[in-house]
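Novice: Would you mind keeping the following structure in view while I ask a few things?
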Amino acid sequence: MAEHRSNDDVTAAYEEYLMPIWKSLDVPVERADGCTLVDYDGTEYLDVFSGIAVTNAGHTNEAVVEAAKAQLDEFVHGCTYVHPHGPAAALAERIAGLTPGNLKQSFFCNSGTEAVEGAVKLARKYTGSKEVVALEMGFHGRTLGSLALTGNSSYKRGMAPTLNDVAHAAPPYAYRCSRCDGGPCDESCADDVERVVASHTSGDLAAVVVEPVMGEAGMVVPPEGWLARVEAIAHDHDALLICDEVQTGYGRTGTMFASERFDVTPDILTQAKGIANGLPLGAFTASAEVANAFEAGDHLSTFGGNPVACAAALATIDELEGGLVDDAREHGEWLREELGAVEEAYDVVGEARGLGLMWGVELVDPSETGPQGVSAAPDPDLARAVSDHLRDANVVMGVGGFYKNVMRLQPPLTIERSQLQRAIDALRDALDATT
Ligand SMILES: Cc1ncc(COP(=O)(O)O)c(C=O)c1O
């Protein structure tokens, strides 16, 4: 087996042997600790992206690593749905206590996309209906079922057809809302869901699927009351509300789940990413009444709920409940001030928005008008240049958003205030250097 000992080695092997879909921030990683990544040449980076919002308890968190190692010695695989085991039992019980309202029974899988597809299957089984409404610009995964829900055609080109019977409503994207002309939006923007149900479906609605804060769209935070109105519309049509908390869950927005922030209890709540701090695990959780629509054999996953991943998840939750979720909320208030000042200072910053430790800084060309004549034009080239500049300053910040023009600050929740300050100073330097 080849040994890869340098950044160039690793990248060359990727180019030769991995399918050419990988998009690199040009930071290969040999090891990581907390908020620090170390590449194969020994260079250290401050990580404010967490491998796309995953390592919420910090990279290689000691308690999580110890829990996974201990479980490796005990029992690694028997299929959760064939051999009941303690870690899955304990984790499901723990999730029942963490999730809002009467959400109680979980199904374990391996990823976010599987969680979303499983949730839609359950909603169909429970309601006896078929159609689904999701949001334009929303992201729910890349397998053919969840890709149908994902409201971004750039991920679908050349790969259609996806699942039928999905219609998309307008997102609560105040900065680019053509109805509200740049904001402020209010909860009445949710009425677009009603319009879409009436005009694009037969009315045979199984679920409305939304992210409480839209991550891949560019950290789009809905106005107060919006999520509750979507819930009411779904229920008016005897459909379920599925909150996709794959990205917002496990403390990311300053509460364990973002639905809580908006005082909404979804009928099904999906999870993945931060749940096990980097070990592959996904889940969806429903009330016992909804969950009981599934009968034996209706759904299964060979690896889902793997004991090692569940043990890691239990330790992750301990860490999050040990103060990290509260820290995320406090950091979020501080970031509101700091990034608000960045928005004021730079006319290329169209908007800085977020909750907890889930923030986006939307970069624009102020001399051009944006899509549908609203706000300024997205500037993805600037975002790429800023990201490169940050990397050269040893700071890893993501780039995303529907228009690929949003800088993503989603660090491990273990980040120190001084590290956040360093990231913001570096962002300002990068904006100074590139504009
Ligand atoms: C809200 C949301 N749902 C689903 C997914 C898909 O998760 P995965 O990549 O684990 O399949 C993502 C991934 O970014 C996501 O952000």
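The values are calculated or read from the model by the stated rules, or taken from the named source; none is laboratory data. Everything quoted here is computed from the prediction, not taken from an experiment. All Cβ positions, even for glycine, are placed from backbone atoms using ideal geometry, and neighbour counts span all protein chains on display. Calculation scope for accessible area: heavy atoms of the full protein, side chains included, ligands and nucleic acids excluded. Shrake-Rupley method; radii C 1.70, N 1.55, O 1.52, S 1.80 Å.
Novice: I'd like the residue in segment 23-32 that is open to solvent by less than 100 Å² (accessible area, probe 1.4 Å) and in contact (Cβ under 8 Å) with a residue 24 or more places away in the chain and, out of all such residues, is farthest from ALA393 (Cα to Cα).
Specialist: ALA32
Novice: Separate question: Among (1) in contact with a helix residue (DSSP H, G or I) (Cβ under 9 Å, 6 or more places away or on another chain); (2) more than 14 Å from the ligand (Cβ to nearest atom); (3) closer than 30 Å to TRP334 by Cβ, there is one condition VAL308 misses while meeting the rest; what is its number?
Specialist: Unmet condition: (3).
Novice: Another question, if that's okay. If the requirement is being touching a residue at least 12 places away in the same chain (Cβ under 8 Å), of a type in the set (Val, Ile, Thr) and within 13 Å of the ligand (Cβ to nearest atom), which of these qualifies: THR255, THR270, THR302, THR285?
Specialist: Answer to the check: THR270.
Yes or no, residue by residue, for (1) over 23 Å from the mean Cα position of the chain (by Cα); (2) farther than 30 Å from GLU74 by Cα:
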residue: ALA272; (1), (2): no, no
residue: ALA311; (1), (2): no, no
residue: ILE317; (1), (2): no, no
residue: ALA345; (1), (2): yes, yes
residue: GLY354; (1), (2): no, yes
residue: MET358; (1), (2): no, yes
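Novice: Name every residue in segment 96-109 that is buried (at least 19 other Cβ atoms within 10 Å of the Cβ) and out of contact with any helix residue (DSSP H, G or I) (no Cβ under 8 Å at 6 or more places or on another chain), in order of residue number.
Specialist: If the condition is that a residue be buried (at least 19 other Cβ atoms within 10 Å of the Cβ) and out of contact with any helix residue (DSSP H, G or I) (no Cβ under 8 Å at 6 or more places or on another chain), then THR99 is the only one that fits.
Novice: Working only within segment 407-425, note down all residues that are under 20 Å from ASP347 (Cβ atoms) and open to solvent by 10 Å² or more (accessible area, probe 1.4 Å).
Specialist: Of everything in segment 407-425, just one residue is under 20 Å from ASP347 (Cβ atoms) and open to solvent by 10 Å² or more (accessible area, probe 1.4 Å), namely ASP425.
Novice: Only one of ALA377, ALA385 is surrounded by fewer than 24 Cβ atoms within 10 Å (Cβ to Cβ) and either among the polar types (S, T, N, Q) or in a strand (DSSP E or B) (or both). Can you tell me which?
Specialist: Working: ALA385 fails: either among the polar types (S, T, N, Q) or in a strand (DSSP E or B) (or both).
Just one listed residue meets the conditions, ALA377.
Novice: Same structure again: Given the condition farther than 30 Å from ARG124 by Cβ and touching a strand residue (DSSP E or B) at 6+ places or on another chain (Cβ under 7 Å), answer yes or no: does some residue in segment 314-324 qualify?
Specialist: Within segment 314-324, one or more residues are farther than 30 Å from ARG124 by Cβ and touching a strand residue (DSSP E or B) at 6+ places or on another chain (Cβ under 7 Å).
Novice: Any residue in segment 225-238 that is within 11 Å of the ligand (Cβ to nearest atom) and open to solvent by less than 10 Å² (accessible area, probe 1.4 Å)?
Specialist: Here is the first cut: in segment 225-238, the residues within 11 Å of the ligand (Cβ to nearest atom) are none.
No, the conditions are met nowhere in segment 225-238.
Novice: Only one of these is assigned by TED's automatic domain parsing to the domain that holds VAL361 and loosely packed, with under 12 Cβ neighbours inside 10 Å: PRO20, PRO84. Name it.
Specialist: So the residue among PRO20, PRO84 that is assigned by TED's automatic domain parsing to the domain that holds VAL361 and loosely packed, with under 12 Cβ neighbours inside 10 Å is PRO20.
Novice: Out of all the residues in segment 152-162, is one or more surrounded by fewer than 22 Cβ atoms within 10 Å (Cβ to Cβ), free of Cβ contacts under 8 Å to residues at least 24 places away in the same chain, under 20 Å from VAL196 (Cα atoms) and within 16 Å of the ligand (Cβ to nearest atom)?
Specialist: The answer is yes; a qualifying residue exists.
Novice: Going through segment 23-59 one residue at a time, which ones are in a loop (DSSP other than H, G, I, E, B) and closer than 25 Å to GLN271 by Cβ?
Specialist: Kept after step one, since they are in a loop (DSSP other than H, G, I, E, B), are these residues of segment 23-59: 23-30, 35, 39-43, 48-49, 54-58.
Of everything in segment 23-59, those that are in a loop (DSSP other than H, G, I, E, B) and closer than 25 Å to GLN271 by Cβ turn out to be LYS23, VAL29, CYS35, VAL48, PHE49, VAL54, THR55, ASN56, ALA57, GLY58.
Novice: Being under 24 Å from SER202 (Cβ atoms) and without any contact (Cβ under 8 Å) to a residue 60 or more places away in the chain, is that true of even one residue in segment 86-109?
Specialist: No.
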